[in-house]
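Note sheet for the following structure.
Bear in mind these aren't lab numbers, they're just calculated from the coordinates by the rules spelled out. This one's a predicted model, so the numbers in the text were calculated from it and none came from an experiment. No Cβ is skipped: glycine too gets one built from the backbone with ideal geometry, and neighbour counts run over all protein chains shown.
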Amino acid sequence: SSVHVIARLNRDPVGTGRLDPAGKIGRIAVYTGLRGRGIGTLILRRLLDEARRLGIREPFLHAQVQAVPFYEKLGFASEGDAFDEAGIPHVRMKHALE
């Protein structure tokens, strides 16, 4: 029931992301050697488009603390303090869609 996005380069999968029915975005990942080329941004924008299409007004995610600036550039805002998830500090972030 989740929406999955796969980014491909020359038919090879190089990145992925997921939007669940509750509006949580997760599992965003880009092949290490291809980071910094805008692939993650494209994946996230596509997931936000899908959230709009589904009527989800405030998609959210659990961002690794070092990735917060990436999400902020795309309109996400932090909520609350950092917390541990799988041994890694995360912060909850949300995006108010128009």
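Couple of notes before you dig in:
- Efficiency of FRET between ALA96 and ASP20 - r from beta-carbon atoms, R0 22 angstrom, step 0.05: 0.75
- Volume per residue for the chain equals 111 cubic angstrom (convex hull of Cα atoms).
- Choice from ILE39, ILE88, ILE56 with maximal GNM fluctuation in the chain (Cα, 10 Å cutoff): ILE88
- Rounded if a/c under 1.5, otherwise prolate or oblate - segment 44-98, Cα gyration tensor axes: prolate
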